[in-house]
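Structure first, then comments.
Please treat every number below as a calculation from the coordinates, not as lab data. In this text the structure is predicted, and so the values were computed from the model without any measurement. Cβ atoms come from the backbone with ideal geometry, glycine included; neighbour counts cover every protein chain shown.
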Amino acid sequence: MVSEIETAPSECLDGSEGAAHSGTIKAPYHSKKGLQQHLLKISRQKHDGRQMADVMLLNRDWLIPHYAGDRSFDLFDLQVGNAAAKLKGCGSWLLFGRHEKSLDVELLQAQFCQQTYLCLFCQARRAYRNISAYQEKLHELRSRYPGCVLLMATFTIPNTVDLCGGIASLKTGFRKLWDRQKQRGTGPLRGVLGAVVSIEITEGRDRLWHPHMHSILVMSPESKGFISYPELRNEWCRLTGGRQIRIDVMKSENDLTEALKYTVKPQQAGDDGLGLVKRMKVWALLSGKRIRMLQPYGILKGVSEDMPLDLPFDAADYTLFFYRWMFGEFVPGEVDLAKLKSKGKYFA
């Protein structure tokens, strides 16, 4: 019960990016905005991470017996402590670069905890890396298959108390749809050459888990972008019990952002987003399980979701700016590339 959980003091944490529906992708921390806007956004995400760490430590005695599962209590207690410590250290330093030609300001490298279920900073960074990779791949496919149509489809299942079971149902349902198309050339996805699917976790009005699946479908030129909606809906309902499917033509590359932006939608991004306690529960349920929340199919295979969060770069192409987190804010410091290399950071 939520009433059993203590929460840390609240702060203003509005660090989410609004959804855009036209123009080009506005990737996080890579634009002509000033450094201060980027630092403000990361500061909010940093405060959110520190609050999350405090909530985890305050509630570890409650969290461990409820969510340890097959893990020993001692091992899970150690995992909770380590996760909280990594959260507090995440974003402790940032390395920005302003490109000498484009003047784009880009976050090149940083201290990342890589806990995307818990950390808004790392989730946004992971989304940026994935969006960039699939954006490049879709550009390539449009050149290779002139006339192909990109569709954005959202698949849902009934809200559930079993988050892991709900995610498994989504993944298994789409896999069966895809295998039928691949093996027999039949079924509602018969005109699809490739797809990328991304699972997003939100909360329903009934307070149950609402995992759902966003997908980008690459339709063959011969199909002219046609999918039989009644056939797809009926087959999805038969496989998963879900009823709602939404299909739209991908009007701009910002639809790709919408599809891949979140794994765990934070509360400040919408009414169906998850607060600190719910996101902590997601981590407790899914940590240690090898669940791929992003999965490519067909001609989109080969795009890795395991790219490093750091970007290799040539220091000669950038004016560099280094910031360190001190006393609740980012303060500028000197760039020491040799020290960064000693930390395992890498450069082109």
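So here's what we get for this one:
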| quantity | calculated |
| --- | --- |
| Lys, Arg +1 and Asp, Glu -1 on Cβ, resulting dipole of region 134-307 about Cα centre, debye, nearest 20 | 500 debye |
| Unit charges at the beta carbon, dipole of the chain: most positive-side option, Val331, Met307, Leu151 | Leu151 |
| Estimated vicinal HN-Hα couplings, Hz - region 274-281 in sequence order (Karplus 6.51, -1.76, 1.60; Gly, Pro = x) | 9, x, 4, 5, 5, 5, 4, 5 |
| Shape call, region 134-307: gyration tensor on alpha carbons, a/c limit 1.5 | prolate |
| Relative packing of peptides 212-223, 44-55 - highest average C-beta neighbours within 10 Å first | 44-55, 212-223 |
| Neighbourhood net charge (12 Å Cβ-Cβ; Lys/Arg +1, Asp/Glu -1) for Asp248 | 0 |
| Arg246 paired with Ala85, simple spin-label distance in nm, labels 7 Å along Cα-to-beta-carbon | 4.3 nm |
| Anisotropy class of the chain from Cα gyration tensor, a/c 1.5 cut | oblate |
| Region 110-189, relative contact order in percent, only Cα pairs under 8 angstrom and at least six apart counted | 11 percent |
| Ranked by how many other beta carbons lie within 10 Å on average, peptides 238-248, 261-271 from highest | 261-271, 238-248 |
| FRET efficiency estimate (nearest 0.05) - Cβ-Cβ, Met307 to Leu78, R0 22 angstrom | 0.20 |
| Contact order normalised by residue count of region 134-307, Cα under 8 Å, 6+ apart, percent | 31 percent |
| Two-site FRET efficiency, Ser143 against Glu334, from Cβ-Cβ distance with R₀ of 56 Å, rounded to 0.05 | 0.80 |
| Cross-link pairs Lys101/Lys339; Lys88/Lys339; Lys137/Lys224; Lys289/Lys339; Lys101/Lys251; Lys182/Lys265 - those with Cα-Cα distance over 25 Å | Lys101/Lys339; Lys289/Lys339; Lys101/Lys251; Lys182/Lys265 |
| Dipole magnitude of the chain about its Cα centre (Cβ charges: Lys, Arg +1; Asp, Glu -1), debye to nearest 20 | 900 debye |
| Among Gln183, Ala133, Trp283 - extreme Cα towards positive end, dipole of the chain, charges at beta-carbon | Gln183 |
| Estimated [θ] at 222 nm from DSSP helical runs (n ≥ 4, -39500 (n - 2.57)) normalised by residues in the chain, nearest 500 | -12500 deg cm²/dmol |
